[in-house]
Amino acid sequence: MPNRTPVVFIHGFWLHASCWEPWIDRFSACGFEPVAPGWPGEPDTVSEARRRGEAVAVVGLDDVVHHYARIVRSFDTEPVMVGHSIGGLIVQRLIGMNLGRSAVAIAAAPIKGVQLGSAFAHLCAKLPAFSDPDICARLPELSAEQFRYVIANAVTEVESACLFERYAIPSPGRTLFDAAYANSARNCRTSVRTDNATRGPLLLISGQEDCLVPDAITRAVYKLYGDSRAVTELKQFVDRGHSMIIDGGWRAVADYTLTWLAHVGVSPSEQGC
């Protein structure tokens, strides 16, 4: 039996790796071999991650990138990479390094050369980590109200509360700092090889109601890939916010991703999708 195509899911800020469970079930049913490894040191459950946040408190963006690069390299078959939020930035860095077969970046945090959205910048400024000189000692987490404002604004208050309870965890202050200062002259952690012509196909997905990573940011990132001959495509979802991978509309985003993968020639070893 031929090997199934692996899919590595990479979650973003303030969400636990378990947020990908419905996607894993969907991709597995279609014949892929999906996995959703957590960030370095991330506990296995949401409740444990809330209790033991210090396990990831000093993890920086480069640490997370190197962690997933090792995972991607560990497969005998080149994997697909799907990332959300900062995970979307990470898959762009990896595909730009010619790692992985293809990449899907959903509501991706801006890469170097694109300004942060006002909601992201305003939120970062208000979090304790950005008012403390020792950023590594702080572990920013969102309140239920902040979660609704920046992540789940496009769903009902009831659904937002359910998503917060099910998936929300603190995020490393150092990683947030790295993302927030993406355009600092000395910060190369968010730099991506947008001119790489030999990389695999890349799909950028945005939600037009996203407050944290507005559609305008994704469109600006898309333009940066204009000098590359490699396949880069953009999909915009109307009336969708940053929670598009976990809320009630997740299936439409997942199914579009599956359709796009088939379009660019990436298929599982089995039929049944």
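The values are calculated or read from the model by the stated rules, or taken from the named source; none is laboratory data. On a predicted model such as this, the values are computed, not experimentally measured, just so you know. No Cβ is skipped: glycine too gets one built from the backbone with ideal geometry, and neighbour counts run over all protein chains shown. These area figures cover heavy atoms from the full protein model, side chains too; ligands, DNA and RNA do not enter into them. Shrake-Rupley method; radii C 1.70, N 1.55, O 1.52, S 1.80 Å.
Only one residue in 42, 21, 48 is within 13 Å of residue 172 (Cβ to Cβ) and out of contact with any Pro (no Cβ under 7 Å at 6 or more places or on another chain). Which one? First the steps, then the outcome.
On the way: 21 fails: within 13 Å of residue 172 (Cβ to Cβ); 48 fails: within 13 Å of residue 172 (Cβ to Cβ).
It is 42.
Hey, can you tell me all the residues within the range 27-47 that are closer than 15 Å to residue 266 by Cβ and crowded, with 17+ Cβ neighbours inside 10 Å?
Initially, the range 27-47 is screened for residues closer than 15 Å to residue 266 by Cβ, giving 27, 30-34.
Of everything in the range 27-47, those that are closer than 15 Å to residue 266 by Cβ and crowded, with 17+ Cβ neighbours inside 10 Å turn out to be 27, 30, 32, 33, 34.
Pairs only if they're at least six apart or on different chains, beta carbon under 7 angstrom, first in the range 206-225 and farther than 18 Å from residue 195 by Cβ, second modelled with pLDDT under 95 and hydroxyl-bearing (Ser, Thr, Tyr); list them, first residue then second.
Short answer, once both residue conditions are applied: 211/149.
Is the range 2-13 home to any residue that is open to solvent by 20 Å² or more (accessible area, probe 1.4 Å), at pLDDT 95 or above and either out of contact with any Ser or Thr (no Cβ under 9 Å at 6 or more places or on another chain) or more than 22 Å from residue 256 (Cα to Cα) (or both)?
no
Please indicate, with yes or no, whether at least one residue in the range 75-93 is without any contact (Cβ under 8 Å) to a residue 60 or more places away in the chain and of a type outside the set (D, E, K, R).
No, the conditions are met nowhere in the range 75-93.
Do the conditions hold for residue 59, that is, is it over 23 Å from residue 247 (Cα atoms), modelled with pLDDT under 95 and open to solvent by less than 30 Å² (accessible area, probe 1.4 Å)?
On the way: over 23 Å from residue 247 (Cα atoms): yes; modelled with pLDDT under 95: yes; open to solvent by less than 30 Å² (accessible area, probe 1.4 Å): yes.
Criteria met by residue 59.
Can you name every residue in the range 187-221 that is hydroxyl-bearing (Ser, Thr, Tyr) and under 16 Å from the mean Cα position of the chain (by Cα)?
Keep residues of the range 187-221 that are hydroxyl-bearing (Ser, Thr, Tyr), which gives 190-191, 194, 198, 206, 218.
Within the range 187-221, 190, 191, 206, 218 meet the criteria.
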